[in-house]
Structures are given as structure tokens and as C-alpha cells.
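The values are calculated or read from the model by the stated rules, or taken from the named source; none is laboratory data. It should be emphasised that the depicted structure is a prediction, and the values quoted were computed from it without experimental measurement. Every residue, glycine among them, receives a Cβ derived from its backbone with ideal geometry; neighbour counts consider all protein chains shown. Heads up: the accessible areas ignore ligands, DNA and RNA and are worked out on the full protein's heavy atoms, side chains in. Shrake-Rupley method; radii C 1.70, N 1.55, O 1.52, S 1.80 Å.
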Amino acid sequence: MASGSAATTLASIANDAWDDIVELCRSKLSEEDFENVSSVGSLEGLIAYSKALLEDCQNDPRAYDIGRLNGFIAQLRTFNGTFEHMLRANPSVTAPLWGSIQLCVQLVQEGADVLRIIVDMFTDVNYVLPRIDVYSKTLSSRSESLTRSTLMLLIAEFACLVIVYYRENPIRNIVVITWTPFRPVFERIVARIQQTARHIEFEAHALAMQDSTTRYEELKRLLTSVQKDKPEPKTSCFCVSRPRNPKFVGREGILKEMDTALNPRHHKSKKQTVYSLFGLGGVGKTQLALEYLYVHKDEFPVIIWLSAETTQKLDQDIREATSRLGLVLEQDKETESKLRAVLKTWLKETDIPWLLVFDNADQPKLLQEYWPVAEHGSILLTSRNPASARIRASGYPSKGRQITPLNEEEGAGLLLSLLQDDDNQEDFMEQDLSEVEPSESTYSLACRLAEELGGLPLAIDQMASYILETGSSLASFLDVFLSFQNKSHFLLESSNPNLDLGYSHSMSTVWEVSLSRVTSNGRHLLELLVFYDPDSIPESLFVDGAKSPPVNTPHDLEWLANKLQFMEASKSLFEQSLVTKNKGHSAFVLHRLVRTVTLTKMEAEDRQARFNEAVHLIHRVCPRLSPDESYLNRHWPTMRLYLPHILALESQYREQGTFAPTAELADILTSAAWFLMEQAQLRQSLEILATAKSVGLATKTGNEFMAAQIYVLYGVIYVDIQDRDKAFKALSTSLDILKETDGCDELALAAGYNGFGYTAMTMGNFDVADEYLKMSVGLREKHPSRNPGMLGICYSNISCLRWAQGQYEDSLRFAEIAIPLCEGAYGVAGEKTAQPYWRKGNTLIRLGRLEDAFTAHMRALDIRKEATPGGFKFAASLHKVAWIFAQQGDHASAEYVPVPRALLSKAISIYEATDERKGELARSTYLMSAVLKGMGKTENAEYAKAVAAQLRKGLTGLQSEVNDNQESYDLLVSLLER
């Protein structure tokens, strides 16, 4: 009876909320707009509208933002559906909510910049819509509060505000003139939505914990999640982004030899086989590899292509491969090291025949961390390095073949194949050959030209494009080519170290001929492309990078803002085969030899100018740290897209040694290094940080914040690898830079104080830490609306400090202050929000409140499982929850047996994937030994204990019998993760 009464009250509250939405829309909107929003019959109508809009702009810059909008609306449907059965509202009542959102989007969708701002706001809302599918089970029958219904009202208010704002401000002025003063109004609504969502989670969690069985049910849910959240891998996958060359000819003997070496059907025993195609650039190694893959794709259920030029490109392709193979559920949340381990493990354990290709593997040592340790499988390498043919795989020697230029007949065959274009083959073969000597035929002319081109497939391809585009005969083209060749011999020295010996003259001539047919903008575009990573240069780099206020755009780049001029420039490069296009990813692909020749032939002054422009374009699209944004987490997809190109610019800057440093270069290098740190790629981050430091110090004047951030990043990395002296020195330098800056932003100074205090705490300098953390809080409290999440992080750090000082009541107080600040800024499920929950849980343990500690640590674990599955902090939370449960669990209980062991197994597997967390691995392994002992598995327990002792001895030199307790193993871990 009581249950029915509660449900009735709940339905009444819900319908009142819908009435409030109607009145809100009526009061905020004009009569015409209210009629429009009231005409949308259902949420499904809104969904249909947004899907249709997405289909209409597939090849439009707006597509990405419309896609994000669809994600928000899908989440809205889930949120609404969980309590829709209580509303019983007719469509005329619910329509204004869905209609207000639809009209809001209709008004702004024509302007890409405005659309992005509004979708960013909706995305912020999306992040905080709570997990209603879980909470509704608790709330629907046990609470008369319907806080969640107010979320709908707030979303409607946000949409109405956009409509009114847009009506009052013309599209041409909305961003530049009027947006800045209005943004806080929108942000306040989003903050209210976040606060409401937080109340829902608190309410549900509090009610749930009243049940005596909840603790065990939560653990069962977590255990099921850990054990069952495993994707079902696909049994076939052709993970090759490059297309097949339809004009490929010849090389039959090599293709047969490759098949004999690589195809398991030719081998009696199961073994890993390796075959290398090595030779100078431009001879067709990559095209030969692609031809083999496409011919034999049905014989290898799984084929994976990895670009092996740098670790970042390897990791990028592995991310794509693990996603397409279905090896991870949410690859965007996984670190590179984790995905690397996942792929290697799958290749080792699967019985499915697979072929792995390492393209451009010029540095065999680079492959060590990526090489699959398996007794089976096939591996194909392309490389300029002959040493690639001497790699031993699973004890078996590899095989290889040096690929040389095409001989005269093969070259002629390729040339004629390329000239027999679908639209030109008949005309070409029937050309008037009156200019040709009677003894010469079309074939002999093709042989002669192929010889002049040095048998290089790349050169032959480009010259075929020229002949087709100009309509030349072979005979007349030979005359043109020879005239260019005479000029090129003194324009380019064959001893140039950047070019392959013997090919420089041929490629130089090809370059001269091809460029004679390219527009001036086309040449400009090519000279920009050569500074980026050649494998996949996104068009968005030029399209989005050129969108900026004219005052900030270099004059020479203004033409990029004209879409027609950009398309014409691109077309002229495609026509001469100087670049190709990866249509699936809207990206340019540039052959390395074209890149090298183009760079070599540029004058020093032009090279500097183009380098600066290439940096400028990246700078426009690259997310950057600021006093108002301290992390790059929400920009990870964008950073992954542009990281290879930032690294290419860094390499060019370092290797050239003559480029002038710029503040923009310092900015993008620091962003890249920070992103790599957030991805736990500390070694790679330090490598690029060295260049960022050099450039940042040279351009420090006027860019002091970024120079300071470089030292902050050094400090963060050194803290992580427990080199506290270097960390303290780096953060001291950062603080000195900020203090010496005239008019330094107080939030920048607050960040410096926080970092300095944080490091002092890890070193045990608690008084210094207390002083600087308090100064950081004092500055941030002066600016409560700017970066409020960092104020929460500061309070969280003070909580940790008080915990380390033994002041547990104060520690708990500061953690509870930090939690709502972090939830409001980063979302209730944001990764940074887990930190104060972790601090709170640790403090409650010291206060002896294990039940409450369990609740706090479960909250941190839930967040980390969703935000950073496979990360070290997730593993730390697994360890902590297992430890709490082990303190109170009945070791003989059937319910107890699987839980802590499963949680610790997951944590240990994460730590084992890296060499950087041996202390954490030793600690979790020692706890596992105690758990196994309690379960009566004495032999397994002793083995785990011995492994833990060996790990500890390697780190500290302590023998196994010394300080044989959990506290001793806790000391192997950073203060911040104990």
C-alpha cells in the first residue's frame, strides 16, 4: 500500500514538472516560437530530426558536432525512458521540451562555429546525466523526491536561452561581439544541471547503503563487471587502411617467394615466420606488400597493418586495430601501453592465422616493445635497413629480399599500364608516332623512358600522370623530360645526405617536371605538407586551421580560407601524383621521397617561412593548457589526430638546427608532451619536452605561462617516477618564472603554488606543502567561477596532506569540500572526481570507519572503471577495495571467495603490463598471498608471497623475512597512492 502511495506521489510530482516546462517555454519564447516548439510530438521526432541533419552534412565540417549532438539526444532518451512510465503525460505536455531543443539546433546549425559552442554546452550536460538505469530501481519506490525531473526543466531552460539569445543577436555577430558576456549565463545553467545530477547520485547512494545486503551486492556487481566486461573478439579482420594499386604489374617471382615464406599452408610445423622487403626509398616496397595482402587476404583471417616509423604511429595503428578486432570495449579510454599489451596477448593466444605488417620499419630496435611473443603467426616488414632481414622470430631465422628498381621491361610494363587509363587507353595506343624513328615502337619508347627514370615506380607513376594530363606522346614527353633533366643535374647534388644515392637526379627531374604543371597554391600546399607526418595528413588541419580572425592569419595563408582555392590546389597535386588521398579519413598521403626532394629543393628562406606556417596551422587546432584549463582529458581525440604531425614538426626543428624558435612551436610541443604524460607515455613525453624547453626558454618573453608549464610537466613526471629532487627543482623553476612575470594571471600562480606544495608533500616537507597549498587555495577562492575544479583538486591535496600528518578529521573535512567542486567541474563520473573520493576513503580507514571507507572507495572505483579502465589508478582502486573487503570478510564464506582474488588479479594484470609499477605490483601480489592463505590455498599463497618478496628485494634490497607485513609493502608505493 505504501509503495503504491509513493508511486502516485512521484507521478504527481513528475507531471507538475512537465507543466513547469510548458510554462517556462511559454514565458521565455515569443508566441511564434512557442507554437513551433509545441509542434514536436515526441522525443522520437527530435531523434529523427537530428539523424536526418547528420545525413545531410556528412561531408561538411558540421558533421562532427552533429554527431556529438546525436550522442546527447541518445543519452537523453535513456534518461527519459527510465521514469517515463510514471509521467502519463500526453504529447502536448511533453512537446515543448523536445521542440525547444530542436528549434535551438535549427537556428544555430548553419553556422559551424556557433553550432560547436552550443554542442559543447549540450555535451557538458551529457557528461552529467546520471546512470538512471541503476538509480531508478532504488528511487522509484523509496523516495518522494524527484530531483531528476528538474533536470528536464533545466535542459529546456538552456535550450530556450539559446533561442532567445539567437533571436537577439544576428549570426554574423554572435561569436565575435556578443558571446563573451553571455557565456557565464549559459555556464551557470550547466552548473545547476551538474549540481542536480550530483544530488540524484547522493540520494540513490545513501538509500542503497541502507540495505544490509548492499555491500555484497555492490561487490558482486563489480566482480561481474570485471569478469564479464570483456569484448568478444572478431574472428576475421582486414585492418589495412591503404588501398590496393589497380595498376600494379610485375614482381611475380617475389610475390611467390613471399607466399612461400609467410603462408602457413606451406609449412609442416607451427612456427612464427618473418619476411623482410628491404631496399632504397621509392622502389615499391610498400606497394609490393599491399599487393601481397590483397591477393592473399582470404588466406589470412586477420591482417594488421602498422606504420613503424615512430612509436606514436605504431600506437595509433594499434589503437585502430584493437578497436576493429573488438579486443576492447572503449578504446578511447585505454592507454597506449595497455592496448599494446592487449594486442600482443591476443596474437599470442589466438589460434586464428594472422599476418602482421610493419611498414617503414627502418629502426628494428623500435619494434621490440611491439613484437608479438608467439610461437606462430606471420610477420612482414618493409624497410630501408638490411638488418630487418636478420631478425630472429621465436628462434627461427627470418628471410628477406632486397627490392631493387624495376628492370627495363618491368618499368615499361608499369608505364604502359598506367597510361592505359579508362578514358585514354584507346587514344594513347593509337597516337600519331610520325615523330618516332621507324624502328622505334611505343614499347621501346616506354623502355627508354623507364630507364631514364631509374626504374623507380614512384617516378614512373608521376610521369604517367603528367603525360595523361598534358596529352603528350611518349616521344614529345622524352624531349621535355631530358630538357628538365639537364637543369636538375646542377640544381640537386647526388651526395645530399637526405636522398637515396643514385636516385637524386631521377627524382629531381621528376619533381621539376611535375611542379611545372602545379598551380602556385598547389606548390604552396605541397611545401606545407612536407613538414607533417606523410602517412595521413587530415584536411581539417588546413580547413579548420585557416578559420581564424584575419588579424591573426599570415597573409600567405589567407587563400586556405577559400574552399574553392583549396580544392583547386589539392586537385593540381593529385593530378601529378605528388600526393594521394586516404578517402576514408579525408587525409593526404605523401611519399617520403617526394617529401625529401621537395624539402631539399626549397630555399632556406622559403623553408623557414613554410615551417612557421605549418606550425601556425597546427597551433590553431591544437588544444592548449591555460590558467582556466589545467588538463587535456576532454581533448584526447583531437590530440591523437594531430600528435604525429606535431612530432614531425619537432623532428624537423631538431634535425634542421637552423629554424628560428617561435612561441607557437613552444605551445604545441608542450601540449603534445602533456598529452603523452596523461597517456602514461613518460619516456616519450620527456623526449619531446627537451625540445619544448629549448624553444620555450628562447621565446619566454610574452609566453611565460607556457614556459612555466614546461617545468610543471617535468615536475609531474619526476613525481610519478619518484625522482623527487628533480621534481622539486623543476617546480621551483616554474614558480620563479611566474613570480617574475609582470601581471601574471593569479590562477597561473595558483597552479604553480599547488604543484610546488604537492611535490613538497611527496618529499615529506609538510610545513612547506601546507604553506603553498594554502596560498593556492587563497588565490583560487578569489576567482570561484574560473576553473573551479582545480580548487577542488587543491582541497583534495590538502586532504592528503592532513592524512599524512595524522590529522584525520581535517583530512575528511577537506575531502568532503573537494568532492562537490570536482563533480561540478568535471562531472560526477569525471576521472578527476575520483581523487577526492579516494582521499576520503583512505581517511575513513584511519578513522576505523571501514563501512564508510568502502563506500567512498567503491565510488572512486566506479568512476575509474568508466573513465580510465586499464589505468594504474583503476588498479590502485581495485587493490584498495580488495584490501577493505579482506579486513572484514569471512574467509570461509562462499560469497567472499571470488571477490578480492578477482579484484587483485585484475590489478596485477594491469601492473604486469609495464615495468614502471613494480612497487605497486609487489604490494598487490603480497595482499594476494594473504587472500589465498585465508582461502586455504597455502601452496599458491606461499608462491605469491615469494614473488612479492623478490620484487621488493629488487627495489629496496630487503630480504623476504625483514618487515614481512603489508605496511612494509605499502611503503613501496607513492604517498599519493597508498
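Looking at region 732-758, which of its residues are under 16 Å from Ala673 (Cβ atoms) and in contact with a Ser or Thr (Cβ under 7 Å, 6 or more places away or on another chain)? Passing the criteria: only Gly755.
Right, Thr600: in contact (Cβ under 8 Å) with a residue 12 or more places away in the chain, in contact with a Ser or Thr (Cβ under 9 Å, 6 or more places away or on another chain) and among the polar types (S, T, N, Q) or not?
Details: in contact (Cβ under 8 Å) with a residue 12 or more places away in the chain: yes; in contact with a Ser or Thr (Cβ under 9 Å, 6 or more places away or on another chain): yes; among the polar types (S, T, N, Q): yes.
Answer is yes for this residue.
Of all residues in region 738-754, those satisfying the criterion of being open to solvent by less than 30 Å² (accessible area, probe 1.4 Å), closer than 16 Å to Tyr772 by Cβ and not hydrophobic (A, V, I, L, M, F, W, C) are Gly752, Tyr753, Asn754. Can you pull out every residue in region 937-963 that is assigned to a loop (DSSP other than H, G, I, E, B) and in contact (Cβ under 8 Å) with a residue 12 or more places away in the chain? Passing the criteria: only Ser960. Remark: Gly411 matches the filter, which requires a residue to be modelled with pLDDT of 75 or more, crowded, with 21+ Cβ neighbours inside 10 Å, not in a loop (DSSP other than H, G, I, E, B) and not assigned by the TED database to the domain that holds Phe248.
When you check Ser811 against the structure, is it in contact (Cβ under 8 Å) with a residue 24 or more places away in the chain, within 23 Å of Ala856 (Cβ to Cβ), of a type in the set (Ser, Thr, Tyr) and assigned to a helix (DSSP H, G or I), yes or no? Taking the combined requirement at face value, the residue satisfies it. Of the candidates Glu650, Glu655, Glu687, Glu605, the single residue that is open to solvent by 10 Å² or more (accessible area, probe 1.4 Å), part of a helix (DSSP H, G or I) and either hydroxyl-bearing (Ser, Thr, Tyr) or in contact (Cβ under 8 Å) with a residue 40 or more places away in the chain (or both) is Glu650.
Of the listed requirements (1) touching a helix residue (DSSP H, G or I) at 6+ places or on another chain (Cβ under 7 Å); (2) closer than 25 Å to Ala769 by Cβ; (3) open to solvent by 70 Å² or more (accessible area, probe 1.4 Å), Gln959 misses just one: (2).
Within region 230-276, can you find the residues that are of a type in the set (D, E, K, R) and in a loop (DSSP other than H, G, I, E, B)? Passing the criteria: Lys230, Glu232, Lys234, Arg242, Arg244, Lys247, Arg251, Lys268, Lys270, Lys271.
When region 507-536 is limited to residues that are open to solvent by 10 Å² or more (accessible area, probe 1.4 Å) and part of a loop (DSSP other than H, G, I, E, B), the one that is modelled with the highest pLDDT turns out to be Asp533. Restricted to region 289-319, and to residues there that are in contact with a Ser or Thr (Cβ under 8 Å, 6 or more places away or on another chain) and part of a helix (DSSP H, G or I), the residue that is most open to solvent (accessible area, probe 1.4 Å) is Gln316.
For region 896-919, filtered to residues that are open to solvent by less than 10 Å² (accessible area, probe 1.4 Å) and over 12 Å from Ala882 (Cα atoms), the residue that is farthest from the chain's Cα centre (by Cα) is Gly919. The requirement of being in contact with a helix residue (DSSP H, G or I) (Cβ under 8 Å, 6 or more places away or on another chain), over 20 Å from Leu557 (Cβ atoms) and surrounded by 20 or more Cβ atoms within 10 Å (Cβ to Cβ) is not satisfied by Leu617.
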